[in-house]
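Colleague: Input: one structure, supplied below.
The values are calculated or read from the model by the stated rules, or taken from the named source; none is laboratory data. What you see is a predicted model; the values in this text were computed from it and never measured. Cβ atoms come from the backbone with ideal geometry, glycine included; neighbour counts cover every protein chain shown. Note: accessible area is taken over every heavy atom of the protein model, side chains too, but ligands, DNA and RNA are not part of it. Shrake-Rupley method; radii C 1.70, N 1.55, O 1.52, S 1.80 Å.
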Amino acid sequence: MPTIKGPDDVKALPAAALPLLAQEIRDEIIEVTSVNGGHVGPNLGVVELCLGLHRVFSTPTDQFVFDVAHQGYVHKLLTGRTGEFFRGLRKTGGASGFLNREESEHDSFGAGHAGTALSAALGMATARDLRGTDEHVVAVCGDAAFTCGVTLEALNNVVESTKRLVVILNDNEWSIAKNVGAISHYLNRLSTNPTYNKIHHDLERFFTSLPGGNDMHRVYMKWKRETKDFFMESSLFEKFGLRYLGPVDGHDMDELVKNLEFARDSDTPILLHVVTKKGKGLAAAIRSPEKFHGASPYDPKTGESRGGKGGAPNYQDVFGQALTRFAKADKKIVGITGAMPAGTGLTHLAEGCPGQFFDVGIAEEHAVLFAAGLATKGIRPVCAIYSTFLQRGYDQIIHDVALQNLPVTFCMDRAGLSANDGPTHHGLFDISYLRCVPGVTVMQPKDEDELVDMLHTSLQLDGPGFIRYPRGAGEGVTIKDEPVALQVGKAEVLRDGTNLIIWALGPMVVEAQKLADRIAAEEGLSVGVVNARFAKPLDAELLLEQAGKVPLIVTMEDHVVTGGFGSAVLETLQDADLRTSVERIGWPDNFVEHGSDVATLRAAHGLSPDAIHQRVMSRWRRIASIPVEADA
Ligand SMILES: Cc1ncc(C[n+]2csc(CCOP(=O)(O)OP(=O)(O)O)c2C)c(N)n1
Ligand SMILES: CC(=O)[C@@H](O)[C@H](O)COP(=O)(O)O
Ligand SMILES: [Mg+2]
């Protein structure tokens, strides 16, 4: 990797040196992601684009806003984040996998969720206009970002908010899977219609080359606006009032720089349509864009994943296979994803029951509403949306699903930590944001067999059901041939105890049993363990019965403690005037950074097995020293 200290070095390079730099950047990205994993395909596709951006614009004065920002590695390398920091990509202490305002002054806006760039960039451009400064603001949006409603909301607002905004449409025809929907088909037509672009482009350049430069350009644009329908259909973006430029080959440095300079100097909002190849420079990534969108560590020569095969099945696959089995038996069952068929496991349904599979694009709000509409007609929709991305559909959950008590099942994968992706992707808030919604059922299985039971149970509910489960492998238990319908609101007593009882949710049940064993062995205490199963409705009857017999209840959840499962326990005891002490084990009230793995992050936040043991015993000693008040 050449010694690029910052964007000025990029500008100082002769144009002839750029192809070599592009290759060195690709080599570095491949080397680091082959070991750390990461968004290798998206980043290999934007090497020339980012070089062009840094040749034409000057961050941090000029500002780039990347949509999702998963394709920000090149920008990081060109803004001084190289060496060990970059080689620690997505690991504890290393560079984040997304842009982050705290990581660099060249990162003007953080992201991780799709569809935010255009709105944020428009806000920044408008702020510039209000303050009377003249820096450039550039939004870099992928083609799938335009399947996001919020992007279209921003597009609608551009021309009424600012005179100067550069929008780069990085069109590689891919979301994580193949991009979907009418906009995707439209962009495909647009990027493959050379005639429109050639005539339009040449005429515009001809007028602009005449004496009087920009004035002549305005003449051309006025003429074009008045005659546009006669000569050529204006693009969707021009209908929204932006100038449209392109499509441009996103790997041709000269072409890119010329068009970026043209866009930079435009005195009206302009969209530059850039066509790129996702994964360019890595044969395996070009062959398998979906797999290399967000890759686990891999052999760059073969593309084979480095991670060992075998072990317990991933929750996403257990879910996908079970749903497919249920859907084959009941045609009313359908699965819905927001552009993440593989990550949610819905590829199993797409293959097994294609007519019952829907990928609505990066449009979680629509996915939830779409499911609500389906449910009013007797369909049993299952929305498979990561916990963090379901935050996008929160109003639809309350206003459209719960208020009408519609039987929609939500399968929230990545509930808990997405260690390498970090705070934008950790699923740590769903119990809090759902518990306050009347009439919903919120549950978490202790293992993959119980996940199937919960999916089966939710599909029998008369109202909304939410099932949360973590990223990655289950516990390696046997999955029953036939699922059982669980009694809603009923917990499972795994072991009795007379000194303290641990109520655990999901994968914390295994941790709870280990903790109980350790306390029994080291402290001689009698520790019970309950698999809570339901965060709502809580098994209040069992809880109150147990709390009346022991001085301490410990709750364990892979979720923030604020408003989480432990809070539900506290509220239940308080409402019954019970003074049983509660120690709530869960994530503290702050955002959790990205890290190498779950155990490292848990240790960094006081959630290692030792730390939990100490916390519980400290509470036990405090309450055990309190003289038991004689009953009043
Ligand atoms: C709200 C939201 N939903 C889903 C995702 C998962 N996701 C991350 S990147 C991506 C596809 C982005 O496609 P595009 O914008 O075309 O960029 P590309 O990866 O092709 O460069 C998706 C669906 C997300 N980050 N945010
Ligand atoms: C950028 C983005 O949001 C997705 O690519 C996400 O990183 C996928 O996460 P998983 O790897 O957990 O499916
Ligand atoms: Mg794309």
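Colleague: For the structure I just gave you, tell me whether residue 325 is over 30 Å from residue 55 (Cβ atoms) and either under 27 Å from the mean Cα position of the chain (by Cα) or more than 16 Å from ligand 1 (Cβ to nearest atom) (or both).
Modeller: yes
Colleague: Can you pull out every residue in segment 57-81 that is within 16 Å of ligand 1 (Cβ to nearest atom) and over 22 Å from residue 35 (Cα atoms)?
Modeller: Matches in segment 57-81: 64, 65, 66, 67, 68.
Colleague: Between residues in segment 4-16 that are touching a residue at least 40 places away in the same chain (Cβ under 8 Å) and residues that are of a type in the set (Lys, Arg), which pairs lie under 9 Å by C-beta distance while being six or more apart or on different chains?
Modeller: If the second residue must be of a type in the set (Lys, Arg), the pairs left are 7/55; 10/55; 11/55; 15/55.
Colleague: On to the next question. On the basis of being in contact with a helix residue (DSSP H, G or I) (Cβ under 7 Å, 6 or more places away or on another chain), more than 25 Å from residue 387 (Cα to Cα) and among the acidic types (Asp, Glu), does residue 545 make the cut?
Modeller: no
Colleague: Within segment 472-498, take every residue that is within 23 Å of residue 322 (Cα to Cα) and basic (Lys, Arg) and give me the one that is surrounded by the fewest Cβ atoms within 10 Å (Cβ to Cβ).
Modeller: Looking at residues that are within 23 Å of residue 322 (Cα to Cα) and basic (Lys, Arg), I get 480.
Colleague: Taking residue 400 as the residue in question, decide whether it is over 26 Å from residue 325 (Cα atoms) and either open to solvent by less than 40 Å² (accessible area, probe 1.4 Å) or within 16 Å of ligand 3 (Cβ to nearest atom) (or both).
Modeller: It is true that residue 400 is over 26 Å from residue 325 (Cα atoms) and either open to solvent by less than 40 Å² (accessible area, probe 1.4 Å) or within 16 Å of ligand 3 (Cβ to nearest atom) (or both).
Colleague: Restricting attention to segment 34-47, does a residue exist that is in contact with a strand residue (DSSP E or B) (Cβ under 6 Å, 6 or more places away or on another chain), surrounded by fewer than 22 Cβ atoms within 10 Å (Cβ to Cβ), in the same structural domain as residue 139 (by TED's automatic domain parsing) and assigned to a loop (DSSP other than H, G, I, E, B)?
Modeller: Within segment 34-47, one or more residues are in contact with a strand residue (DSSP E or B) (Cβ under 6 Å, 6 or more places away or on another chain), surrounded by fewer than 22 Cβ atoms within 10 Å (Cβ to Cβ), in the same structural domain as residue 139 (by TED's automatic domain parsing) and assigned to a loop (DSSP other than H, G, I, E, B).
Colleague: Another question about this same structure. Looking at 166, 150, which one is at pLDDT 95 or above, within 16 Å of ligand 2 (Cβ to nearest atom) and not small (Gly, Ala, Ser)?
Modeller: 150
Colleague: From the set of residues in segment 307-346 that are assigned to a loop (DSSP other than H, G, I, E, B) and not small (Gly, Ala, Ser), which is most open to solvent (accessible area, probe 1.4 Å)?
Modeller: 309
Colleague: To continue, here is another question. For residue 356, are the conditions met, namely being in the same structural domain as residue 431 (by TED's automatic domain parsing) and open to solvent by 20 Å² or more (accessible area, probe 1.4 Å)?
Modeller: No: the conditions fail for residue 356.
Colleague: If you don't mind, there's one more thing I want to ask. Let me confirm something: among 45, 142, which residue is at pLDDT 95 or above, in contact with an Asp or Glu (Cβ under 9 Å, 6 or more places away or on another chain) and either of a type in the set (Val, Ile, Thr) or within 16 Å of ligand 1 (Cβ to nearest atom) (or both)?
Modeller: Only one candidate qualifies: 142.
Colleague: Confirm whether residue 251 is within 16 Å of ligand 1 (Cβ to nearest atom), within 29 Å of residue 14 (Cβ to Cβ) and crowded, with 23+ Cβ neighbours inside 10 Å.
Modeller: Working: within 16 Å of ligand 1 (Cβ to nearest atom): yes; within 29 Å of residue 14 (Cβ to Cβ): yes; crowded, with 23+ Cβ neighbours inside 10 Å: no.
Here the answer is no, as residue 251 does not meet what is asked.
Colleague: Still on this structure: Restrict the check to segment 332-345 and report whether at least one residue is touching a residue at least 60 places away in the same chain (Cβ under 8 Å) and over 23 Å from the mean Cα position of the chain (by Cα). It would help to see each step written out before you state the result.
Modeller: So in segment 332-345, the residues touching a residue at least 60 places away in the same chain (Cβ under 8 Å) come out as 333, 339-345.
Narrowing the set further to residues that are over 23 Å from the mean Cα position of the chain (by Cα) leaves 333.
Yes, the conditions are met somewhere in segment 332-345.
Colleague: Turning to a different aspect of this structure: Among 467, 502, 479, which is the only one that is among the aliphatic types (A, V, I, L, M) and out of contact with any strand residue (DSSP E or B) (no Cβ under 6 Å at 6 or more places or on another chain)?
Modeller: Just one listed residue meets the conditions, 479.
Colleague: Pick from 207, 237, 231: which is away from ligand 3 (no atom under 16 Å from the Cβ), of a type in the set (Phe, Trp, Tyr), open to solvent by 30 Å² or more (accessible area, probe 1.4 Å) and modelled with pLDDT of 70 or more? Spell out how you get there, then give the answer.
Modeller: Numbers: 237 fails: open to solvent by 30 Å² or more (accessible area, probe 1.4 Å); 231 fails: modelled with pLDDT of 70 or more.
Just one listed residue meets the conditions, 207.
Colleague: Pull up segment 378-388, narrow it to residues that are surrounded by 24 or more Cβ atoms within 10 Å (Cβ to Cβ) and of a type in the set (A, V, I, L, M, F, W, C), then point me to the one that is nearest to residue 323 (Cα to Cα).
Modeller: 382
Yes/no per residue for (1) of a type in the set (D, E, K, R); (2) within 16 Å of ligand 3 (Cβ to nearest atom):
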residue	(1), (2)
3	no, no
18	no, no
32	no, no
38	no, no
41	no, yes
48	yes, yes
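Colleague: Looking at (1) closer than 26 Å to residue 341 by Cα; (2) away from ligand 1 (no atom under 16 Å from the Cβ); (3) part of a helix (DSSP H, G or I), which is the only condition residue 84 fails?
Modeller: Failed condition: (1).
Colleague: On to the next question. Name every residue in segment 80-136 that is open to solvent by less than 20 Å² (accessible area, probe 1.4 Å), of a type in the set (A, V, I, L, M, F, W, C), in contact with a Leu (Cβ under 9 Å, 6 or more places away or on another chain) and touching a residue at least 24 places away in the same chain (Cβ under 8 Å), in order of residue number.
Modeller: Residues satisfying the conditions are 86, 111, 118, 121, 122, 125.
Colleague: Among (1) out of contact with any Lys or Arg (no Cβ under 6 Å at 6 or more places or on another chain); (2) assigned to a helix (DSSP H, G or I); (3) modelled with pLDDT of 95 or more, there is one condition residue 60 misses while meeting the rest; what is its number?
Modeller: Against the list (1) out of contact with any Lys or Arg (no Cβ under 6 Å at 6 or more places or on another chain); (2) assigned to a helix (DSSP H, G or I); (3) modelled with pLDDT of 95 or more, residue 60 comes up short only on (2).
Colleague: Can you name the condition, by its number, that residue 183 falls short on among (1) out of contact with any Gly (no Cβ under 7 Å at 6 or more places or on another chain); (2) open to solvent by less than 20 Å² (accessible area, probe 1.4 Å)?
Modeller: (2)
Colleague: Of the residues that sit in segment 153-175 and are open to solvent by 40 Å² or more (accessible area, probe 1.4 Å) and within 24 Å of residue 45 (Cα to Cα), which one is nearest to ligand 3 (Cβ to nearest atom)?
Modeller: The extreme case among them is 174.
Colleague: Check 94, 37 and return the single one that is within 16 Å of ligand 1 (Cβ to nearest atom), touching a Lys or Arg at 6+ places or on another chain (Cβ under 9 Å) and either more than 21 Å from residue 252 (Cα to Cα) or modelled with pLDDT of 95 or more (or both).
Modeller: 37
The rows are residues; the columns are (1) within 20 Å of residue 169 (Cβ to Cβ); (2) more than 25 Å from the chain's Cα centre (by Cα); (3) in contact (Cβ under 8 Å) with a residue 24 or more places away in the chain; (4) part of a helix (DSSP H, G or I).
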{"site": "238", "(1), (2), (3), (4)": "yes, yes, no, yes"}
{"site": "245", "(1), (2), (3), (4)": "yes, yes, yes, no"}
{"site": "248", "(1), (2), (3), (4)": "yes, yes, yes, no"}
{"site": "260", "(1), (2), (3), (4)": "yes, yes, yes, yes"}
{"site": "281", "(1), (2), (3), (4)": "no, yes, yes, no"}
{"site": "284", "(1), (2), (3), (4)": "no, no, no, yes"}
{"site": "303", "(1), (2), (3), (4)": "no, no, no, no"}
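Colleague: Applying the selection to segment 405-422, what residues are under 13 Å from the mean Cα position of the chain (by Cα), aliphatic (A, V, I, L, M) and in a loop (DSSP other than H, G, I, E, B)?
Modeller: 415, 417, 419 - these are the residues of segment 405-422 that are under 13 Å from the mean Cα position of the chain (by Cα), aliphatic (A, V, I, L, M) and in a loop (DSSP other than H, G, I, E, B).
Colleague: Within segment 423-450, track down each residue that is buried (at least 19 other Cβ atoms within 10 Å of the Cβ), outside any loop (DSSP other than H, G, I, E, B), out of contact with any Ser or Thr (no Cβ under 9 Å at 6 or more places or on another chain) and not hydrophobic (A, V, I, L, M, F, W, C).
Modeller: Answer for segment 423-450, where residues must be buried (at least 19 other Cβ atoms within 10 Å of the Cβ), outside any loop (DSSP other than H, G, I, E, B), out of contact with any Ser or Thr (no Cβ under 9 Å at 6 or more places or on another chain) and not hydrophobic (A, V, I, L, M, F, W, C): 448, 450.
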